[in-house]
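Scroll down for the structure; my scribbles are underneath it.
The values are calculated or read from the model by the stated rules, or taken from the named source; none is laboratory data. On a predicted model such as this, the values are computed, not experimentally measured, just so you know. Counting neighbours? That spans all protein chains shown, and the Cβs are built from the backbone with ideal geometry, glycine included. Just the protein is used for accessible areas: all its heavy atoms, side chains included, with ligands, DNA and RNA removed. Shrake-Rupley method; radii C 1.70, N 1.55, O 1.52, S 1.80 Å.
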Amino acid sequence: MTTVAPTSTPTRRRNPQLLIGLTAVAVILLVALLAPLLATHDPVRVSGAVLQPPSGEHWLGTDRSGLDIFSRVVYAPRVDLLLAGVGTLLAALLGVPLGALAGYAPGIVGEAISRTLDVVQAFPFFILAMCLLGIVGGSLPNIIAVLAIVNAPIYARLMHSQTRTLRGRMFIDAARVSGCRPRQVILGHIVPNSLSPILAQMSVTLGMSIILVAGVSFVGAGVEPPTAEWGVMIGDGSGGMFTGQWWPVVFPGIALALTVVAFALVSNGITVANQQRSRRA
Amino acid sequence: MSRLIGRRLALLVPQLLLICFVSFLLIQLTPGSQARAQLGSSASDEAVAALEDELGLNDPWPAQFVRYLGGLLRGDLGTSWTTGQPVLDDIARRAPATLELITVSFAVIIVLALLLGLAGGFARNLLGRIGDKISYVYSLMAGAVPDFWFAMIMVFVFYYTFPIAVAPVGQYDEAFGTPAVITGSVLIDTIVTGDVPVLVSHLDHLILPVLALVFINTAPILRMVRSSVGEALTSGYITLARANGLPQRRIVGYALRSALPPIVTLAGVWYTMLIAGAVLTETIFSWGGVGQYAVQAVQSADWAALQGVVLLAALLSLLVYLAIDLVHAWIDPRVRASGGTR
Amino acid sequence: MTNDETVLECAELVRHFPVKGSDKVVQAVNDVSLTFGAGETVALVGESGSGKTTVGRMILGLLAPTSGRIVYQGTALDEMDRRQRRDFRAGVQAVFQDPYDSLDPRRPVLASVREPLRRLELEESARDGTRRAMAALEAVGLAGITPKTRPHDLSGSACQRVGIARALVTRPRFIVLDEPTSALSPIARAEVMRSLHDVQQSTGVSYLFITHDLAVVESLAHRVAVMYLGRVVEAAAAGDVFGRRLHPYTEALLGSVLFPDPDRLDGFGVLRGEIPSPIDLPPGCAFASRCAIAGDDCRTAVPPLIDDAVAGHHVACIRQLSRSRDRQLASTLRKETP
Ligand SMILES: Nc1ncnc2c1ncn2[C@@H]1O[C@H](COP(=O)(O)OP(=O)(O)OP(=O)(O)O)[C@@H](O)[C@H]1O
Ligand code: SF4
Ligand SMILES: [Mg+2]
């Protein structure tokens, strides 16, 4: 009898991107959660004179309707993260099975799915989203649905190539010999082994979705004013940039960008962690 | 090679059909009856029903789709109710401005990305490492900042705070006259006709939107150039070329050539991204192109106009993808031999 | 242990792979027939690219043959009903070449070993499955596997024995071993060989042993089939193949064993001449380009695999057949192939 000796001792690798990213995301979630405590004013009620610059009373000033910008910035991730989060999740749930099917099904089926995806991806992302939302209206469920639709092809693509790569691995043959049906191979082996690129992509999509929501809201096809949402705020304040009232635009933009950076760091971190792990194995 | 082109072109037909179908589906989504929209809300129900019959709106959808396709083939994208013009005419009039904005930005992006990327790829010293750090931070930021927000910041800084830029409205200052329309692109037209005052004014107006697009969109291509050049430089034959004392210029050439295929792909994809990126930028600078037209269409529920933009943008993207594939086949001997990567 | 009962049989297996971007095909396997008796080990040897793995994958039902049949316990693979299909899956197992790659890196190895029981509904409960998986691991000499142990916690040979345990857990009648020892150190190789031998002794399982390692062939194989470019060129009892070496290719292959490169059969330099591409196989004997005794008559038709006078010794070479006792058969053959 041989006893099992570990061939490598798993060591904690340095992964500052993941650490910083996760911390930042946690902080943002906390802000969203604690918004009622943090906010100094009601985010959708007039609380002072219009277009006040930042002051002791209104830390980040007021917008052209007299709403407190700090309170709105703090409330905004509730809407933005909800939309982007659920939209991203649905996109992955939609795209991953489709891509796995395209990669695993032999010949014509897989080819047909990937060619269809090519076409869907030919529609410029933002224009398609804006058009769809313009037509169906920017209710929260509609925005989520549109985010899911325009992002799903990314996951299908990713999963397609993952499946193609993994399909040639011996453990997939082994799983088939063990009696796994195609669905079990995909769900039991291919998806779990693709988890880390999927998660990395989800983190990117989350950030991109926040930008997308802000963009469609900016043109008035997304979240409806006066909801506290970063894009709505930027759109509402845009006129001020030509006349010197910068604060209604600058602060929500910074908050938005920091959030997207946080998710981008998480995404990079996941990729790095995965590389470290596969190098160890 | 010709076989590859043939196959790729054959693929284009079903892809085009599918694009038209998706765009057809978009109209089906629009709220309310198209007949009612045409007649106005005061029309009687009978009149609406009669027009519906006449337009074939009660036919099964395949028949409607075929009719829609027929319309497309004749160049009929419907009529915009805000401008009262055929959508195709509207778009054709605005497209040169948009294409000019995108293409100029794209050219600047590519030149910048290649220069900085190559410099980064070759700099193996401390400077290179600092450059890497800067480009990392820049990429993170450029990817996180919404383009329309950044464009507004530029306006605030360069027009309001330090008034170095002209009023960011339109493509040129009409005080200098109106350029003759040849291609529709003010840049080309003024150069061709030698209309210097308008040209100068146009360049003044062009610079901020281009800078905004460039800042946001250079990062991914720069990173790609940087990493593919880095890879190429560490590959065996470049080392060999170095060892053989080949001049630096030749080595750069070699490295570029082998780094080219992925760069071409990404650059092509990014050109299509700029089509979408231009939408909000145009709106902020009142550029008067297709992007602004689309935003106005959304805001005024002008579905025919919007659908026309979506359809043509998708067609343009598809053509760019086709071009990428063909360029790939041309620059990458492996693809040439095997008959296609995708 | 060997007896006359046939466990599995493949007949006239052909597998061609389409070549991307052309109408040609890779002729990976051409007309291969093999029969496996209970408790028998058949070694499949040949250079890299000769189609050994492809034969194994077809037998395992992982790859559909272009034509030909695989019959397991009397029923053809493509005619099986649900229940027979399940019996086939449980009864025909595999051990793969790369010990790390053949285990799902995301799963505890215990789960991998239990998987056949779970998927084929052969366990009474999860606990029963785990218990039997543990037992299978112990049977190949792996103690100390915990439910948390993952492939990267283990050495190569331990991983390979996990793979063997997985192949054994359903008590199969037949196992395809595709170079199971090639990725291992010599000591680990001996350990794994020992396990395989013991298992066969105690369970009477049959093996298709795909290998480059002639020492393995000598120690474990009852019969040997030699493949060259998709065809079996010689097949016989192990002793006969080693002793008589009728086919010139076998001769060259084994000739090198006297001064062996221990790892690879194809590492020797005895053979000269171009190996034809499996995409453009020449007419006639595929070995003609490298064969010292080839003549024009070799290049007209593919020499069939014919039973030499010694029972069970098959060889596909017109000259060697004529050198052997049955000259007459050879001459009729040559007349038939203009
Ligand atoms: N999926 C596939 N697609 C195309 N060609 C294939 C495929 N699998 C195998 N081949 C080709 O079939 C031929 C036989 O391959 P196979 O893997 O069966 O050889 P092998 O005898 O197992 O070689 P090795 O000793 O290297 O494992 C080779 O020419 C190979 O390139
Ligand atoms: S048939 Fe001819 S070429 Fe082939 S092995 Fe025999 S002698 Fe050599
Ligand atoms: Mg093999």
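Relative contact order for chain B: what is it in percent, counting Cα pairs under 8 Å that are at least 6 residues apart?
25
With θ set to phi - 60°, apply the Karplus curve 6.51 cos²θ - 1.76 cosθ + 1.60 along segment C:285-300 and write out the HN-Hα couplings as whole Hz, x wherever there is a Gly or Pro.
Values per residue, Gly and Pro as x: 5, 5, 8, 4, 5, 10, 8, 5, 10, 5, x, 4, 5, 6, 9, 9 Hz.
Amide H to amide H under 5 Å from C:Tyr207: which residues, 5+ apart in sequence or cross-chain, H placed 1.01 Å off N in plane?
C:Glu40, C:Thr41, C:Val42, C:Ile175
What is the P(r) of segment A:40-98, as percent of Cα-Cα pairs per 10 Å bin from 0?
Cα pair-distance distribution for segment A:40-98, in percent: 24, 33, 18, 14, 10, 1.
State, to one decimal in nm, how far the label point of B:Tyr136 lies from the label point of B:Ser300, with both points 7 Å from Cα in the Cβ direction.
Each label point lies 7 Å from its Cα, and together they span 5.0 nm.
Average partner chain C-beta neighbours within 10 Å, per residue of A:164-174?
For peptide A:164-174, the averaged partner shielding equals 6.
So if we plug the beta-carbon distance of B:Glu46 and B:Val157 into 1/(1 + (r/R0)^6) with R0 = 45 Å, what FRET efficiency do we get, rounded to 0.05?
Computed FRET efficiency for B:Glu46 and B:Val157: 0.15.
Give me the distance in nm between label points sitting 7 Å out from Cα along the Cα-to-Cβ direction at C:Leu62 and A:Ile20, one decimal.
About 4.4 nm separates the two model spin labels.
For C:Asp280 and B:Ile331, what does the FRET efficiency come to when R0 = 35 Å and r is the distance between their Cβ atoms, rounded to the nearest 0.05?
Between C:Asp280 and B:Ile331 the formula returns 0.75.
Just by accessible area at a 1.4 angstrom probe, what is the order of B:Trp270, B:Trp61, B:Trp81 from largest to smallest?
B:Trp81, B:Trp61, B:Trp270
For chain A, restrict the atom set to alpha-carbon positions and state the Rg and Dmax in Å.
Looking at chain A, its Cα Rg and Dmax stand at 22.7, 82 Å.
Any aspartates and glutamates with Cα under 15 Å of the C:Lys52 Cα? List them, leaving off those in the same chain fewer than 8 positions away.
Excluding near neighbours in sequence, the set is C:Glu12, C:Asp31, C:Asp178, C:Glu179, C:Asp213, C:Glu234, C:Asp266.
So how do C:Tyr249, B:Tyr138 rank on accessible area, 1.4 Å probe, biggest first, that is with the largest at the start?
Order by accessible area, largest first: B:Tyr138, C:Tyr249.
From the C-alpha coordinates alone, can you work out the Kirkwood hydrodynamic radius of the protein assembly as shown, in Å?
It is 33.0 Å.
What figure, in Å² to the nearest 10, do you get for the accessible area of C:Ile70 with a 1.4 Å probe and non-protein molecules left out?
So the heavy atoms of C:Ile70 present about 10 Å² to solvent.
What's the average, rounded to a whole number, of partner chain beta-carbon atoms within 10 Å of each residue's beta-carbon in A:176-187?
For peptide A:176-187, the averaged partner shielding equals 6.
Ranked from the most accessible area to the least, with a 1.4 Å probe and all protein chains present, what is the order of B:Ser42, B:Ser135?
B:Ser42, B:Ser135
What ³J(HN,Hα) values, in whole Hz, does the Karplus curve 6.51 cos²θ - 1.76 cosθ + 1.60 give for segment B:200-209 when θ = phi - 60°, with x put for Gly and Pro?
Karplus values, whole Hz, x for Gly and Pro: 4, 4, 5, 4, 4, 6, 6, 5, 5, x.
Select from chain A the helices, each a whole stretch of DSSP H, whose alpha-carbon atoms run 20 Å or more along the helix axis and whose Kyte-Doolittle mean is at least 1.6; answer none if there are none.
Sorted by number, the helices that extend far enough and score high enough are A:16-33.
Over chain C, calculate the relative contact order: mean separation of alpha carbon pairs under 8 Å at least 6 apart, over the residue count, as a percent.
Computed value for chain C: 19 percent relative contact order.
Just the number, please: carbon plus sulfur as a percent of the accessible area of the protein assembly as shown, 1.4 Å probe, no ligands or DNA/RNA counted.
Within the protein assembly as shown, the accessible surface is 62 percent carbon and sulfur.
For C:Val232, what accessible surface area do you get with a 1.4 Å probe? Give it in Å², rounded to 10.
Its accessible surface works out to 10 Å², give or take rounding.
Defining a contact as two alpha carbons under 8 Å apart and six or more residues distant in sequence, what relative contact order in percent does chain A show?
26
Less than 12 Å Cβ to Cβ from A:Val185, Lys/Arg counted +1 and Asp/Glu -1: what total charge do the surrounding residues give?
Net charge around A:Val185: +3.
List the accessible area buried at the contact between A and C, summed over both sides and calculated with a 1.4 Å probe, in Å² to the nearest 100.
It comes to approximately 2800 Å² buried between A and C.
At 0.36 nm per residue, minus the direct Cα-Cα distance, what do B:Phe122 and B:Ile27 gain on full extension? Give it in nm, one decimal, please.
So the extension gain works out to 29.0 nm.
Rule-of-thumb check for chain C: C-alpha Rg over 2.2 N^0.38 Å?
Dividing the Cα radius of gyration by 2.2 N^0.38 Å gives 1.04.
Buried accessible area for the A:B pair, summed, 1.4 Å probe, in Å² rounded to 100?
Protein heavy atoms only, the A-B interface buries about 3800 Å².
With every protein chain left in place and a probe of 1.4 Å, what is the accessible surface of B:Ile263, to the nearest 10 Å²?
Approximately 10 Å² of B:Ile263 is accessible to the 1.4 Å probe.
Please determine, in degrees from 0 to 90 and to the nearest 10, the orientation of helix B:45-55 with respect to the longest principal axis defined by the Cα atoms of chain B, where the helix direction is its Cα long axis.
Once rounded, one gets 50 degrees.
How far is it, in nm, from the label point at C:Glu138 to the one at A:Ile108 when both lie 7 Å from their Cα along the line to the Cβ?
5.4
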